[in-house]
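I have placed the structure first, in the form of structure tokens, so that the comments after it can refer back to it.
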Amino acid sequence: MEVKTISTTFHVANFEELSEEDRMLVEKAISQTEISYAPYSHFHVGAAVRLDNGVVLGGCNQENAAFGVSMCAERSALFAAGANYPDVAVNSVAIAARDASGLLAEPVSPCGVCRQAMVETESRYGKPLHILLYGTRHTFVINGISSLMPLAFSTF
Ligand SMILES: [Zn+2]
């Protein structure tokens, strides 16, 4: 039996090291954490996507008493982009989260379902996503969802 290894490369940056464009996207994601609807988990996640036309759209988690109905911040932002600008590529995604103590120190990472949605977004527009996972201590900068989702499901 052969053993294969999958490795991931990403950058760790201080907020000040990010480009102005990336800082603005992160700030939008942070602002989204303040309006998320999370009365059950009290874990408030915000996301922001930037489109190729410069439009920035926000998303935040939307919980429901019937938990399965709930929606993550990342997909609410990605789907808003798809619903309102179907012909414009999404090029960047930023994610931030806060709990009762405030913004998380360590970067928050998207769940598997949202990673799969990002795989589809890359496939749809034929380009890798620039992904910013924000924490107050540092931000992970990831170019391409394959770094977070190797061997992803695809029918293409
Ligand atoms: Zn998710």
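The values are calculated or read from the model by the stated rules, or taken from the named source; none is laboratory data. What you are looking at is a predicted structure, and each value in this text was computed from that prediction instead of being measured. Quick reminder, even Gly has a Cβ in these numbers, built from the backbone with ideal geometry, and neighbours come from all protein chains shown.
Can you tell me which residues in the range 113-141 are closer than 14 Å to ILE95 by Cβ and of a type in the set (Lys, Arg)?
If the condition is that a residue be closer than 14 Å to ILE95 by Cβ and of a type in the set (Lys, Arg), then ARG115 is the only one that fits.
List the number of the failed condition for THR155; all other conditions in (1) among the β-branched types (Val, Ile, Thr); (2) within 14 Å of the ligand (Cβ to nearest atom); (3) free of Cβ contacts under 8 Å to residues at least 12 places away in the same chain hold.
Evaluating THR155 over (1) among the β-branched types (Val, Ile, Thr); (2) within 14 Å of the ligand (Cβ to nearest atom); (3) free of Cβ contacts under 8 Å to residues at least 12 places away in the same chain leaves (2) as the failure.
Go through the range 42-60 and count every residue that is within 12 Å of the ligand (Cβ to nearest atom) and surrounded by fewer than 24 Cβ atoms within 10 Å (Cβ to Cβ). Can you show your working first?
Filtering the range 42-60 down to residues within 12 Å of the ligand (Cβ to nearest atom) leaves 43, 45, 47, 59-60.
Next, from what is left, pick out any that are surrounded by fewer than 24 Cβ atoms within 10 Å (Cβ to Cβ): 43.
Final tally of qualifying residues: 1.
Give the range 100-139 a look and list any residue that's within 16 Å of the ligand (Cβ to nearest atom), more than 11 Å from GLU74 (Cβ to Cβ) and assigned to a strand (DSSP E or B), or say none.
If the condition is that a residue be within 16 Å of the ligand (Cβ to nearest atom), more than 11 Å from GLU74 (Cβ to Cβ) and assigned to a strand (DSSP E or B), then LEU132, TYR134 are the ones that fit.
Test of understanding: among GLY135, GLY126, GLY102, which residue is within 25 Å of PRO39 (Cβ to Cβ) and surrounded by fewer than 16 Cβ atoms within 10 Å (Cβ to Cβ)?
Answer to the selection: GLY102.
Taking the condition buried (at least 17 other Cβ atoms within 10 Å of the Cβ), farther than 26 Å from ARG137 by Cα and modelled with pLDDT of 95 or more, does GLU74 pass?
On the way: buried (at least 17 other Cβ atoms within 10 Å of the Cβ): yes; farther than 26 Å from ARG137 by Cα: no; modelled with pLDDT of 95 or more: yes.
Spelling it out, it is not the case that GLU74 is buried (at least 17 other Cβ atoms within 10 Å of the Cβ), farther than 26 Å from ARG137 by Cα and modelled with pLDDT of 95 or more.
State all residues of the range 28-41 that are more than 16 Å from the ligand (Cβ to nearest atom) and either surrounded by fewer than 16 Cβ atoms within 10 Å (Cβ to Cβ) or among the aromatic types (Phe, Trp, Tyr) (or both); if no residue qualifies, say none.
First, pick out the residues of the range 28-41 that are more than 16 Å from the ligand (Cβ to nearest atom): 28, 30-31, 34-35, 39.
Of everything in the range 28-41, those that are more than 16 Å from the ligand (Cβ to nearest atom) and either surrounded by fewer than 16 Cβ atoms within 10 Å (Cβ to Cβ) or among the aromatic types (Phe, Trp, Tyr) (or both) turn out to be SER31, GLU34, ILE35, PRO39.
Provide a single number: the residues in the range 7-46 that are under 18 Å from ILE142 (Cα atoms), assigned to a loop (DSSP other than H, G, I, E, B) and in contact (Cβ under 8 Å) with a residue 12 or more places away in the chain.
5
Sort out which residues of the range 64-76 are in contact with a strand residue (DSSP E or B) (Cβ under 7 Å, 6 or more places away or on another chain) and free of Cβ contacts under 8 Å to residues at least 40 places away in the same chain, and write them in order of number.
Those that are in contact with a strand residue (DSSP E or B) (Cβ under 7 Å, 6 or more places away or on another chain) and free of Cβ contacts under 8 Å to residues at least 40 places away in the same chain: SER70, MET71, SER76.
Could you say which residue among VAL113, VAL108, VAL90 is in contact (Cβ under 8 Å) with a residue 60 or more places away in the chain and either hydrophobic (A, V, I, L, M, F, W, C) or over 15 Å from VAL26 (Cα atoms) (or both)? Show your work before the answer.
Working: VAL113 fails: in contact (Cβ under 8 Å) with a residue 60 or more places away in the chain; VAL90 fails: in contact (Cβ under 8 Å) with a residue 60 or more places away in the chain.
Answer to the selection: VAL108.
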